[in-house]
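Just so it is clear, none of the values below were taken in a lab; they were calculated from the coordinates. Computed from a prediction, not measured in an experiment: that's the story for all the values here. All Cβ positions, glycine included, derive from the backbone under ideal geometry; neighbour counts span all protein chains shown.
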């Protein structure tokens, strides 16, 4: 009972001195001993000792309750024996030594030790992390992996400009530096096309074989049973002739492989000396499809024409010898002419060396076929003109054809078709749909143009779009077919 009263007095002392400790005694977790001089050192030491006594009292009461709840409760006395009390004190002292950290004073001359009490937090605080906005580092400049396409230069006004051929220059990619900052994908920049003084032409490169040299036979992928015969060609020149040494049932073949992006047509001169009784036969195949055959005799050469498809094309001339046949076939002057077509499916003016003035673009607003067409849609001042043109060079001449849709009308605007700068056709009202048009091209170098033009005055009436259109033009399916 004396011990219990002493504890109560100690508890009263602690409760009456909260300002000294600055904490609630129920929240005491552990005690740190730090070297710090204080006038109340002895008092704080007594308070700490009283707190230890309070802990021992609490331990005793807990032990009493535990024993009272056990089955041996009736065998225990209401108070602990002296030996049990001593044992409890030893256990409490050991527990206190574990809870209290003593930091030895490295400077004992500074004064007595001061006990500093650290409170145990009742609950872990909830920390809400506020988002931190990081300023992104500048993205490294990356060179594009894709080829850089130099665009056709667009100019405004009427000056005649040399057409420009688009060039493709592959660039080497530079790896970006290692960084934690997000990088922004760079946009490839297009370098402007420089105009050159030399005019670049759409050059038609036909294949012409006249058999005036043995080298001409080397142009064929397959040459079996054919030879060059001097003086038996057209106008007394050389020609290719089947061999007279073929046995019955044997054949002689010439095979030629060509590759034109848009196809074309070819022509050749043929003469034959065949008899139907001996089953002699001459045939022409295009990609294994029979296009012509004959089993008769012709006294003179005749001209035969045929178109061929786009891409790789295999043309075969085949002579089959019959039983007892003594016939021959002569061929001469093989001419293969490719078509030139620009349907603007590249999405720009890069396929042909176009000369482009402001207002002409390639878009998908109204194509004749495919997805794209050339389109004029711009505001033009009175007496101003905007031209889209391309040059062409041909040895044989031919026909340039195209499809055009005009949504224009005088006195507001008109469209002119130009050949070498001279207007050969004009449109002064809306067509309402695509209409075909063709221009005959003589051998040589020429320029084909399409010019949107406004008259040199301001019309005195308002524009009725139903009657005079919206001032737009569409152009598609440009073709040049050599003759």
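So the values come out like this:
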read-out: Stretchable slack from residue 435 to residue 217, in nm (0.36 nm times residue separation minus alpha-carbon distance); value: 74.0 nm
read-out: Relative contact order of segment 341-482, defined on C-alpha pairs under 8 angstrom at six or more residues apart (%); value: 34
read-out: Residue order, fewest to most surrounding Cβ atoms within 10 angstrom, among 479, 454; value: 479, 454
read-out: Exposure proxy order (Cβ contacts within 10 Å, fewest to most) of 401, 364; value: 364, 401
read-out: R0 of 45 Å, Cβ-Cβ distance residue 291-residue 378: FRET efficiency to nearest 0.05; value: 0.40
read-out: Proportion of all alpha-carbon pairs of segment 324-483 beyond 25 Å (%); value: 36
read-out: Modelled label reach - residue 247, point 7 Å along Cα→Cβ, segment 253-277 residues with backbone N closer than 19 Å; value: 253
read-out: Residue order, fewest to most beta carbons within 10 Å, for 362, 215, 473, 329; value: 215, 362, 329, 473
read-out: Segment 338-363 residues near the modelled residue 259 label - backbone nitrogen below 15 Å, point 7 Å along Cα→Cβ; value: none
read-out: Cβ-Cβ FRET estimate between residue 420 and residue 385, R0 fixed at 25 Å, reported to 0.05; value: 0.95
read-out: Pairwise centroid distance, computed over Cα atoms, of segment 246-272 with segment 367-436, Å; value: 40
